[in-house]
Amino acid sequence: MAKKKTLFECQHCGFTSAKWMGKCPNCGAWDSLVELSEQQQEVLKQTSKATTGKAKAQSISEIEQTEVQRFSSDDVELDMVLGGGVVPGSLTLIGGSPGVGKSTLLLKIGANIANGGRDTLYVTGEESEGQVKLRANRLDANAKQLYLLSEIKLEQVLAELAHRDYECLIVDSIQTLYSEAVTSAPGSVTQVRQITFELMRIAKERRIAIFIIGHITKEGSIAGPRVLEHMVDTVLYFEGDSSQELRILRGFKNRFGPTSEIGVFEMRNEGLVSAKDIGSRFFNKERAQSGSALTVVMEGSRPLILEVQALVSDSHASNPKRQATGFDNNRLGMLLALLERKLELPLNSYDVFINIAGGIKISETAADLAVLAAIISSFRDRPVSKETVFIGEVSLVGDVREVFQLDSRLRELAMHGITKALVAKKPQQNQGVKCYPVDEVTKLIEWM
Ligand SMILES: Nc1ncnc2c1ncn2[C@@H]1O[C@H](COP(=O)(O)OP(=O)(O)OP(=O)(O)O)[C@@H](O)[C@H]1O
Ligand SMILES: [Mg+2]
């Protein structure tokens, strides 16, 4: 008799191993490996193995070029993060923390797409039809071609898809759906992989645009299965949480467009709507306060003026706190070390907190100079004029480096009536903004 093969799988990242281990060597999660049954091993094989058959590869030069076709979701901001609209046959994952507005956004998008004449199916495994109807009333999402299905079995969803020529499917949420072909619990790696695989297949085969909602853990990854991110075409995450007025949807992966764009939404009574007048929403020009400095970062093709806030206060601990919200903690550590070394500020006996107003996360180094300015301003308790914006990347040796697309950043400042900017080098065209060059951090302190 053939010996039964055992296989263990990490429920966090999908790593497999022939023997059990306390810690996953791939993602470092503890106690996450579970043994797969023979049936589950079979599913794993099916989903990871390419289908057999004759080789049908074609020379790439002979393949006809097909343009990516898109249709609008009738929502400016969502179209923008998707790279210009919804791609038929694509699978998009939208993740976010509880209550951030995932269901609200997608129900409205579903209605928009349905109003555009495309049959759309909204599958909810979390709420009853009555609950969704209540929300639809509030959002004005009662579209004739929007169909609702309260269901958690994948097979039933697939059966429903066969009944009508749906062009869009929304699954709320992937963690509640389960396939009868697999015995593990809903939300487990095996289930999620199987379901996503099936949905991917059906998306490509029937050219249905599919959106799946995924819950996010505190650490910011899709609860449980990270495998999901690798399988889908596009991954979008809501930044921040439900306490913020503006909700930001950021692209992390997109097989059909750039990932640099963000979508900015606003939670209102009538739902999560594209925010208006975004340029002036993330900063306050009114009153200069100590510990606050402005910068301008590029979010995809859009320049955004942001306010960096710093609080420097006496520390009573042996290890002073350094904490950043919306800014990279390691980068903050580096900037503080630089301040101590180059500018001889005795920051090692102070706690330092950094926050980016409006709940946005800065993913660019162009804000370094503003972070330094905010820290110095808080430390000295001297306000920085809100007429001045700080733009520049700071290197380990204390040089200030130029940033890309300075032109569009300066234009944005001019549009909001900001008249001065500290930059690494004087630009050829200043767009009407007075530019003061600071090529070294020591000069920043002189200027301040
Ligand atoms: N009547 C209302 N008026 C205005 N806003 C509301 C109303 N009801 C709910 N909301 C907002 O909608 C949010 C909930 O949105 P939604 O259910 O879409 O979130 P979700 O991301 O799907 O959450 P979950 O992860 O729990 O499914 C609430 O946090 C609240 O801000
Ligand atoms: Mg929801």
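The numbers here are math on the coordinates, done by the rules we state, and not lab data. Note that the structure is predicted; figures quoted are calculated from it, not measured. All Cβ positions, glycine included, derive from the backbone under ideal geometry; neighbour counts span all protein chains shown.
Of the cross-linked pairs 45/108; 4/204; 23/204; 144/204, those separated by over 31 Å at the C-alpha level are 45/108; 4/204; 23/204. Using a cut-off of 32 Å between Cα atoms, the listed pairs 56/253; 321/426; 276/443; 342/434; 386/426 include 321/426; 276/443 as exceeding that distance.
Among 424, 300, 137, which residue has its Cα furthest toward the positive end of the charge dipole of the chain, with +1 on Lys/Arg Cβ and -1 on Asp/Glu Cβ? My answer, from the dipole projection, is 424. Maximal additional length on extending the residue 411-residue 158 stretch stands at 86.0 nm, based on 0.36 nm per residue less the C-alpha distance. Across the range 22-38, computed HN-Hα scalar couplings (Karplus, 6.51 cos²θ - 1.76 cosθ + 1.60, θ = phi - 60°) run x, 10, 6, x, 8, 10, x, 6, 8, 6, 9, 8, 10, 7, 8, 6, 4 Hz from first to last residue, x flagging Gly and Pro.
With an a/c value of 1.5 or above and a/b larger than b/c for the gyration tensor axes a ≥ b ≥ c computed over the alpha-carbon atoms, the chain is described as prolate.
Relative to the Cα centre, the charge distribution of the range 71-276, modelled as +1 at Lys and Arg Cβ and -1 at Asp and Glu Cβ, gives a dipole magnitude of about 200 debye. Each part gets one Cα centre, and for the range 258-285 versus the range 160-201 those centres are 31 Å apart. For the range 54-130 versus the range 318-376, the spacing of their alpha-carbon centroids is 39 Å.
Between the residues 184, 264, 254, the greatest Cα displacement towards the positive end of the dipole of the range 71-276, with unit charges on the Cβ of Lys, Arg, Asp and Glu, is found for 254.
Tell me which cysteines of the chain come out unpaired when the rule is another cysteine's Cβ under 4.7 Å. By the Cβ distance rule, which asks for a partner under 4.7 Å, the isolated cysteines are 168, 435. Here the dipole of the chain is about 540 debye; that uses its Cα centre as origin and unit charges on the Cβ of Lys and Arg (positive) and Asp and Glu (negative).
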